[in-house]
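Asks: Below is a structure I'd like to ask you about.
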Amino acid sequence: ASGVRRIEAVTGQGVLDFINIQKGVIDKVMRSLKLGSAIEIQAKIEQNISDLKAKEAELRAINEKLAAQRVGAIMAGAKEICGVKVIAVAVTDVAPDALRTMTDNIKANAPDAVAVLAAMNKEKGTVTFASAVGKNALAKGAHAGNLVREVAKVTGGNGGGKPDAAMAGGKDISKVDEALMKVSEIVESQVNKG
């Protein structure tokens, strides 16, 4: 009812049982963390969190470096369409952040390029698309946001972004190849209108 407060309490033997359960949990945590005293638990947990964040940052940097190295091989497979180099590739073992780094590298190093890269998450059955358009391709009418939106639609997804860089998600990884084959057609229509 309104204004009524419920209080839960432990009394009698229940208090001792409650304390023993709590002490048992603390003892297990101390053994797991290899500590001699419960006072050290908070400092040890904070240290472990700090170490984990440092390892995650290190792993992210390594993944981005590996992604950047793969850009050269991806660029070698570019197709020329209406004076624009078109890249439409599915990449494996690449996180969305690294995917964006790869497309940013293509955009920075190839002003005539239009790239769409797809990374599949097979566990979830989803795909992430990243698109980038170099400045010369942009001047010819290519638009990363519109391109990646249309590509993602083929896989039941959506997305978009700026004219020079965009990301999208898709839900059906079985249609990734079909979506990537559509890239050239979309780029050709964008460039011819531009």
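The values are calculated or read from the model by the stated rules, or taken from the named source; none is laboratory data. As the structure is a computational prediction, the values presented were derived from the model and not from experiment. Don't worry about glycine lacking a Cβ; one is built from the backbone with ideal geometry, like all the others, and counts go over all protein chains shown. All accessible areas refer to the heavy atoms of the entire protein, side chains included, with ligands and DNA or RNA removed. Shrake-Rupley method; radii C 1.70, N 1.55, O 1.52, S 1.80 Å.
Asks: Counting alpha carbon pairs within less than 8 Å and at least 6 residues apart, what relative contact order, in whole percent, applies to segment 45-194? Spell out each step's value before the answer.
Replies: Numbers: 313 pairs, mean separation 29.7, N = 150.
That works out to 20 percent.
Asks: Relative to the first principal axis of the alpha-carbon coordinates of the chain, what is the inclination of helix 13-33, with its axis defined by its Cα atoms, in degrees from 0 to 90 and to the nearest 10?
Replies: Rounded to the nearest ten degrees, it is 50.
Asks: Sticking with this one: Do any GluC sites (Glu not before Pro) in segment 87-194 lie in a DSSP loop with no more than 12 other beta carbon atoms within 10 Å, and if so, which? Don't jump to the answer; show the numbers that get you there.
Replies: On the way: sites: GLU123, GLU150, GLU178, GLU185, GLU188; in loops: GLU123.
In loop regions of segment 87-194 (DSSP not H, G, I, E or B), the sparsely surrounded GluC sites (Glu not before Pro) are GLU123.
Asks: If we count trypsin sites (Lys or Arg not before Pro) as exposed when they sit in a DSSP loop and have at most 10 other beta carbons within 10 Å, what is the longest stretch of the chain that avoids them all?
Replies: Values: sites that count: ARG5, ARG6, LYS34, LYS122, LYS124.
Maximal segment without exposed cleavage sites: 35-121.
Asks: On average, how much accessible surface per residue is there in the chain, in Å², for a 1.4 Å probe, leaving out ligands, DNA and RNA?
Replies: Ligands and nucleic acids excluded, the figure is 62 Å² per residue.
Asks: Return the ratio Rg/(2.2 N^0.38 Å) for segment 117-165, where Rg is computed over Cα atoms only. Write out the running numbers ahead of the final one.
Replies: On the way: Rg = 11.8 Å, N = 49, 2.2 N^0.38 = 9.7 Å.
Relative to the rule-of-thumb radius for its length, segment 117-165 sits at 1.22.
Asks: State the label only: which of [x] 1.40; [y] 1.60; [z] 0.99 corresponds to Cα Rg over 2.2 N^0.38 Å computed from the shown model?
Replies: Here the calculated entry is [y].
Asks: Considering only DSSP beta bridges whose two residues both sit in the chain, what percent are antiparallel, to the nearest 5?
Replies: Details: 21 of 28 bridges.
So the antiparallel bridges in the chain amount to around 75 percent.
Asks: Please enumerate, by chain and number, the lysines with C-alpha under 25 Å from the C-alpha of LYS44, excluding those fewer than 8 residues away in the same chain.
Replies: LYS23, LYS28, LYS34, LYS53, LYS55
Asks: About the Cα centre, and with charges only on the beta carbon of Lys, Arg (+1) and Asp, Glu (-1), how big is the dipole of the chain? Nearest 20 debye, please.
Replies: On the way: 27 positive and 22 negative charges, 45 e Å.
That gives a dipole near 220 debye.
Asks: Sticking with this one: Going by alpha carbons, how many degrees (0 to 90, nearest 10) lie between the helix axis of 96-109 and the longest principal axis of the chain?
Replies: 30 degrees
Asks: Specify whether the C-alpha gyration tensor of segment 76-116 places it in the rounded, prolate or oblate class, a ≥ b ≥ c being the square roots of the eigenvalues: rounded for a/c under 1.5, otherwise prolate if a/b is larger than b/c and oblate if not. If you can, show how the numbers build up before the last one.
Replies: Numbers: a/c = 3.10, a/b = 1.69, b/c = 1.84.
It comes out oblate by the Cα gyration axes.
Asks: Going by alpha carbons, how many degrees (0 to 90, nearest 10) lie between the helix axis of 176-193 and the longest principal axis of the chain?
Replies: Result, in degrees: 50.
Asks: Count charges around ASN136 for me, please; just the other residues with Cβ under 12 Å from its Cβ, Lys/Arg as +1, Asp/Glu as -1.
Replies: Working: positive: LYS85, LYS107, LYS135, LYS140; negative: ASP112, ASP164.
Here the count lands on +2.
Asks: Moving on. When the accessible area of segment 1-143 is split by element with a 1.4 Å probe, what percent falls to carbon and sulfur? Provide the component values of the computation, followed by the final result.
Replies: On the way: 5240 of 9490 Å².
Within segment 1-143, the accessible surface is 55 percent carbon and sulfur.
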